[in-house]
1. Taking the stated definitions as given, is Ala178 crowded, with 19+ Cβ neighbours inside 10 Å and either in a loop (DSSP other than H, G, I, E, B) or of a type in the set (Gly, Ala, Ser) (or both)?
2. Would a scan of segment 211-223 turn up a residue that is open to solvent by 20 Å² or more (accessible area, probe 1.4 Å), under 26 Å from the mean Cα position of the chain (by Cα), within 18 Å of Ile112 (Cα to Cα) and in the same structural domain as Glu116 (by the TED database)?
3. Restricting to segment 121-163, give me the number of residues that are open to solvent by less than 20 Å² (accessible area, probe 1.4 Å) and of a type in the set (Phe, Trp, Tyr).
4. Checking the conditions here, which among Ala139, Ala92, Ala76, Ala124 is in contact with a helix residue (DSSP H, G or I) (Cβ under 9 Å, 6 or more places away or on another chain), without any contact (Cβ under 8 Å) to a residue 40 or more places away in the chain and of a type in the set (A, V, I, L, M)?
5. How many of the residues making up segment 76-120 are modelled with pLDDT under 95 and over 13 Å from the mean Cα position of the chain (by Cα)?
6. Going by what's in this entry, would Asp241 be described as of a type in the set (D, E, K, R) and within 22 Å of Ile281 (Cα to Cα)?
7. Please find, within segment 1-20, the residue that is nearest to Tyr244 (Cα to Cα) out of those that are open to solvent by 70 Å² or more (accessible area, probe 1.4 Å) and of a type outside the set (Asp, Glu).
8. Criterion first (surrounded by 19 or more Cβ atoms within 10 Å (Cβ to Cβ), modelled with pLDDT under 95 and under 29 Å from Arg41 (Cα atoms)) does Val271 satisfy it?
Amino acid sequence: MATLIVPRDVPSANVDAEALRTAFKGWGSDEKAIISILAHRNAIQRRHIRIAYEQLFQEDLIKRLESEISGHFERAVYRWMLDPEDRDAVLANIAIRKPKEDFAVLVELSCIYSPEELLGVRRAYQHRYKRSLEEDVAASTNDDLRTLLVGLVSAYRYNGADVDLSLAKSEAERLERAIRDKTFYHEDVVRILTTRSRPQLVATFNHYKDAYGISISEQLSSDKAGKEFTEALRTIIECIDDPYQYYEKVVRNAIKRVGKSDEDALTRVVVSRAEKDLRQIKEAYHKRNSVTLDDAVSKETSGDYKRFILALLGN
């Protein structure tokens with residue numbers, strides 16, 4: 001469930017646009033007014049505000065926001081204001097351009113998003129960057145990791161609930177053999193993880209644990225060979241097996257590093273899931289850490305960034 005709180009009676013897009021214009025006037029901007037509007041509008045409403053603002057003032061709202069606010073607050077608002085597919089395209093591009101590619105973002109898009117959502121991101125990426133997501137992933141990676149990640153972002157998985165239990169059994173056995181023989185890079189491993197539907201893979205992972213007494217993710221984590229590739233495999237498995245638990249882990253690790261380098265990861269999860277399933281992620285966080293995510297964010301962040309993230313968390 002979403003955590004975004006939208007008022008019952010929302011002003012028109014023109015009224016919101018004019019209120020934002022007022023917030024930009026004078027010495028500095030009125031950040032509280034910006035948060036009170038933008039952090040309480042859904043994606044369609046935010047798009048209408050952008051359109052109204054440009055029609056009224058002949059100015060791009062996102063660019064104006066970039067000039068008025070700064071730091072982590074600006075980056076969070078910028079990503080929030082983009083259309084969801086465009087935002088995910090930007091996040092993918094940022095991940096690809098990092099000195100050490102952040103493949104976790106690509107795995108999230110490929111394994112947690114629906115096939116149609118991933119296709120929308122790929123279209124948005126091509127429209128924004130005039131290149132395909134696949135070719136940029138291929139250009140920034142090498143060898144077996146390239147094969148795996150290009151396969152993921154190119155996939156259009158079956159989105160139904162049907163499961164073939166005999167196939168789950170045989171593919172669990174194939175994955176166990178690959179792990180035992182340390183042939184993680186085998187084309188069968190890549191094929192299974194990049195093409196099977198989520199329900200089919202969950203059935204395979206469940207059979208693996210039942211048959212071998214250990215989860216496939218735990219089995220991989222005990223092997224230090226080919227660390228980057230096996231880490232990518234574990235991320236795929238975690239995203240498919242339990243997305244809420246996966247996102248909880250991302251947020252937990254991000255909060256540990258807030259103030260150092262990882263507000264970006266916290267922002268990514270909050271802005272991309274606030275209109276989807278952030279409530280379940282908050283519940284997973286509370287269960288795992290015995291503290292609410294709201295309290296953790298309040299303690300470890302500050303200023304307008306804190307106020308904005310807390311608003312998206314449902315405060």
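The values are calculated or read from the model by the stated rules, or taken from the named source; none is laboratory data. Just so it is clear, the structure is predicted and the values come from calculations on it, not from any experiment. Cβ atoms come from the backbone with ideal geometry, glycine included; neighbour counts cover every protein chain shown. Note: accessible area is taken over every heavy atom of the protein model, side chains too, but ligands, DNA and RNA are not part of it. Shrake-Rupley method; radii C 1.70, N 1.55, O 1.52, S 1.80 Å.
1. The answer is no for Ala178.
2. So far as segment 211-223 goes, no, none of its residues is open to solvent by 20 Å² or more (accessible area, probe 1.4 Å), under 26 Å from the mean Cα position of the chain (by Cα), within 18 Å of Ile112 (Cα to Cα) and in the same structural domain as Glu116 (by the TED database).
3. Matching residues across segment 121-163 total 1.
4. Ala139 is the lone residue from the list that is in contact with a helix residue (DSSP H, G or I) (Cβ under 9 Å, 6 or more places away or on another chain), without any contact (Cβ under 8 Å) to a residue 40 or more places away in the chain and of a type in the set (A, V, I, L, M).
5. 6
6. Criteria met by Asp241.
7. Met1
8. no
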